[in-house]
Amino acid sequence: MAAGIAYVPEDREHEGMLVDHSVQENISLASLRSDRRRLRISSRRERSDTAHAIERFSIRAPGPDALMSSLSGGNQQKVVVARWLQREPRLLLLDEPTQGVDVGARAEIHRAVRDGVEAGLAVLLVSSDMEELALACDRVLVLCGGRIVGEVGAVELTKDRLTELVYLAEEAS
């Protein structure tokens, strides 16, 4: 975090969020250090940041005090992504960011990440979803056995081309 790197893990329930805590607590987790004033957390700033994140990321929750366990998977994931984008990192690492979320949440997560990229954020996206890679990336590296076996630039970046490269890599190994 100190180096400006943020990470959204594949397993949001066990690694990306505190299920039995509120939306507000989950959003403010990554910013606690910057919110401290005389060893106390600024509750006014925490509530303001949470309200802003709920609006900006279209998080559907009864309110900031709602438990994460009461949210849909897509809204849980939007909270996790919002937490890190609120910090304005230099590099965002996303591991299967839209796995298990509905189409609407998927589009909102991609929009938020794209907005970050337009503001200068670098993103490294890991996904097994060829359509997601084709829609969200400028360049894709195909890996097999820990080695780069293919690269696709923006011009030829399609779901079909990625699928072809993955199958060719699997056949070659």
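Since every read-out is calculated from the coordinates, none of them should be taken as a lab result. Please read all numbers here as calculations on a predicted model, not as lab measurements. A quick note on method: Cβ atoms are made from the backbone with ideal geometry, for glycine too, and the neighbour counts reach across all protein chains shown.
Points worth noting:
- Extension gain (nm, one decimal) between residue 102 and residue 70, 0.36 nm per residue minus Cα-Cα: 9.9 nm
- Pairwise inverse Cα distances across the chain, averaged and inverted, put the Kirkwood hydrodynamic radius at 17.2 Å.
- Degrees separating the helix 43-56 axis from the principal Cα axis of the chain, which is the longest one: 40 degrees
- Alpha-carbon centroids, the stretch 60-107 and the stretch 113-173: separation in whole Å: 22 Å
- Length gained on full extension, residue 154 to residue 139: 4.8 nm, using 0.36 nm per residue less the C-alpha separation.
- Within the chain, helix-based [θ] at 222 nm, where runs of 4 or more DSSP H residues each add -39,500 (n - 2.57), nearest 500: -13000 deg cm²/dmol
- Dipole size of the stretch 5-126 about its Cα centre, with +1 on Lys/Arg Cβ and -1 on Asp/Glu Cβ: approximately 720 debye, rounded to the nearest 20.
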